[in-house]
Amino acid sequence: IMNLVDFNEKYGYDFTYQDKYMVGDIESSLDDNNNWVFELIIISDGFDLYEFTDIEECIDWLLEEEESKDIWFHNLDFDMLFFFKTKRFKELEDIKLIASGNMNLSFKIGNITFKNSLALFPMSLKNVVNKFLKVTDKDWLSDKSNVLELKNEELVKYCTLDVLYLSEALNKFMNYFKETFNIQTSLTVPATALKVWKKHFLDDKSFIDLCKRNKFFDENFYYGGHTEKFVDNQNVFRNVNYYDVNSLYP
């Protein structure tokens, strides 16, 4: 365990406590058979940093929480593989998974909800830091190119910076929507945009209520709908175009 102030003093950073989000990151390595092997996990709760080299111990620590908590991972699809490989997870029941297309957005176990920040920032963490936070950290960026060669304290520092930068990005992103539109963000950018649109730009007098069935169609037509293209094997849909309103506004 290391306090955030101690980390700043040790490495010369100025991360703050304000509105921090619980964030985790896993570092791994390749074994002789090119299989990914767990190395360590760093978790920040906004005040303290927790390091685990035993993922089973980390799971036990998380599940001890009686209070409901969200913990963010960038590219949760990759990190969650290490959780689901453990004996502890294989024994658990009632895991609630939310997915969209090929991406897992979140999974909930007990009072802990793991969330995928890649759905909010569809880019590498390097670009989140450079383009969104507008931060250039030369040491951290240089480590990105040879992360598999980092060991011990160097790897801990690198992983901790991943966690703290992601926490800063979440703070900036969520505060923007809270201060500008007075809404809480959703798990994805389109869902967040839908909240903004409904609250600030949808005129009830001019638009149909999109949350209800459209009575113009029969009972098989609902809010939302298909967004994939028709497969035109027999030219059945040659002259058919269709649009999903929810996919147009963002």
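The values are calculated or read from the model by the stated rules, or taken from the named source; none is laboratory data. Remember, predicted model here, so these are calculated numbers, not experimental data. Quick reminder, even Gly has a Cβ in these numbers, built from the backbone with ideal geometry, and neighbours come from all protein chains shown. Keep in mind that these areas ignore ligands, DNA and RNA; they rest on the heavy atoms of the full protein, side chains included. Shrake-Rupley method; radii C 1.70, N 1.55, O 1.52, S 1.80 Å.
General observations
- GluC sites (Glu not before Pro) restricted to DSSP loop in the range 7-96 with at most 15 other C-beta within 10 Å: E64, E65, E66, E67, E93
- Of every Cα-Cα pair in the range 10-60, the percent that sits beyond 15 Å: 58
- Each of S106, S100 has its accessible area taken with a 1.4 Å probe; listed largest first, they run S100, S106.
- Between K172 and L148, the modelled label-to-label distance comes to 3.0 nm, taking each label 7 Å out from Cα in the direction of the beta carbon.
- Whole-Å distance, taken between Cα centres, linking the range 181-203 and the range 92-132: 19
- Stokes-Einstein diffusion for the range 108-193, with the hydrodynamic radius set to the Kirkwood value over Cα pairs and evaluated at 10 °C in a medium of 1.306 mPa s, equals 109 µm²/s.
- Of the trypsin sites (Lys or Arg not before Pro) in the range 64-155, those whose Cβ has at most 14 other Cβ within 10 Å and which sit in DSSP loop: K85, K134, K151
- Estimated distance in nm for a label pair at V189 and K69, the labels positioned 7 Å out from Cα along Cα-to-Cβ: 3.0
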